[in-house]
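Accompanying notes for the structure given below.
Any read-out appearing in this document is the output of simple, stated calculations on the displayed coordinates, not a laboratory observation. Worth saying up front: this structure is predicted, and the values here are computed from it rather than measured. Positions of Cβ are backbone-derived with ideal geometry, glycine not excepted, and every protein chain shown enters the neighbour counts.
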Amino acid sequence: MLAAAAPAIARRKATPSAVESAVESLIEAHESVTLPAQGTVEVAFSPNGGCTAATIRFIGEAKASIRMAAYGLTSNPIGKALVDAKKRGVDVRVVVDREHNGKRDSANSVASFLVANGIPVRVDRAVKIQHNKFLIVDDQSVQNGSFNFTSAAQTANAENIIIHRAFPELTRAFAQRWGRLWAESEDYRPTY
């Protein structure tokens, strides 16, 4: 009986995409995903607990790509870090909430700054509120939490971030969600 089970186990282990397929299936079915933990975890809190600094360091680690989903994006230091990454040759793309085409949209907005510096920004109007707050770096690591990418989130609000490094399966789940957000969004067009 054990001998009969061994080939089946060997076949499952020989299929490196089994976890990937399971993650994709669960996400498609709109279910939660439980994955065995990998890599390292960094946490930060605000107000004044280092969320902005940790986010900037995380952006600075990118060598190939950054994908951001932002509800609030008014932090000039985070905007500058994204542009600096772009200047290093990193492929940076951002999805924002519709608020950035409303009262926050101006020539001085972070979204306008990103577009002016060659970073594609899209506005998600397909949902009432695009409330995701996450960053994906190099398809290997992800930052998420309640932290909006704003100065108020750093100085006035009780917020948090969790950075999961070297956890590609978790990153893949976030990347699939980001891809959907990107696909359902439209190009950001500054109004100035």
Would you mind checking which residues have amide H under 5 Å from residue 133's amide H? H placed 1.01 Å from N; only 5 or more apart, or other chain. 145
Please report 65, 109, 32 as a ranked list, fewest other C-beta atoms within 10 angstrom at the top and most at the bottom. 32, 65, 109
